[in-house]
Amino acid sequence: MQAKRGFTLIELILVVGIVAIISVIAIGKFADVRKTAARRANVANIKNIDRTVRTALATIDMKEERVKGTFAYCESLVDCAMGGGDATGAEGEYAWSDAWYDGRGGIIPGIYCGIKYSTAVANADGATTGVVAELESAHEKNVGLGAFANSLGLHYLTGREVAALDEAGIRIVSRHNYANSQAAATWRWADSEYARTYGLHATGGGPGMRPDLSAAYPVVLTNGSAVAVLNPVKCESIYRDLGLDFAPTNNVGGLSASSPETYFQRGICKRVVVLGMGRDSEINTKYFENLPRNETLDKTFYRNYLLCFAMNNGTGNSGYTVTFAGVIDSQGNTWKGAQYAADWAN
């Protein structure tokens, strides 16, 4: 009887090696497929949100929405200083920066870049010493809007602009903050007329560890309130993709890249107010089953989509009217930019 011959050790090693190589290749291809799917989903999300918002605005009665506004609780993308006060300034003024934070983070109000101030983190919502290190680590990984934050600036609203935003359904916005407890103690929302008379809620989200779910609290826009606006010096392509006029800048005197407001003053373009479509926003809770997110980004980034509103400068017959202009993702891509990235990604 002939003995059965098994595999030799060398043969087994070769088989295992081949299987390992095939597995690595397959996993890499699967990761590429997921990235490609996420990019195409991003394009679809931008288009779907834009279509839904425009349909909503065409069908609702804005007068019935006036108590809180169609876009109430959208996130302002404005980070406030250690729970110490709202972002306010001189009416009609601007604040621009190429580095909103100095490493400690949140020392002055600015565009949401992620919370980095460890002392505030340690005290957020009464954290005990056992979780302080974990909180600090999570916050350090929070980059918020990342590089796109430097394409935004703060504009401090005038009374007429506040009224125009109100007419457009933008009255209450959510500010980013370190912790719910700090925001609640500072702003006493529960004692406000909006909570007592109208039953409007305050927003939440924990101690700001997640870029797309940082602690937030509502603010009623008033004279001097800060809103995030596109920096026209850095966002000409966004303007054009949204179908907004951007006049040629050749031979236009008085323009300054370090003072982008000169672009508005010279009539080159309109101001564009930018709001994050947060979890608690009215437009999301009414018209979307789930909050759309940009899954092309990892979880250290703010992944909610951004709504853009064009604001006239008060000249001519247009007055200070505010109109919905379109949707971009949290890295500043219109659907055209996102489509290009999906088509040409490796």
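Every number in this text was worked out from the coordinates using simple rules, so none of it is lab data. This structure is a prediction, so every number in the text was calculated from the model and none was measured. Neighbour counts are summed over all protein chains in view; Cβ atoms, including those assigned to glycine, are modelled from backbone coordinates with ideal geometry.
Data for the structure
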read-out	value
The range 233-319: trypsin sites (Lys or Arg not before Pro) in DSSP loop, at most 16 other beta carbons within 10 Å	266, 299
For the range 251-317 and the range 216-231, distance of Cα centres in Å	12 Å
When each of 35/141; 234/336; 35/234; 234/270 is checked by Cα-Cα distance, pairs over 19 Å	35/141; 35/234
Computed lengthening from residue 343 to residue 195, 0.36 nm per intervening residue step minus Cα-Cα distance	48.5 nm
In the range 279-338, the chymotrypsin sites (Phe, Trp or Tyr not before Pro) that fall in loop regions by DSSP, at most 15 other Cβ within 10 Å	288
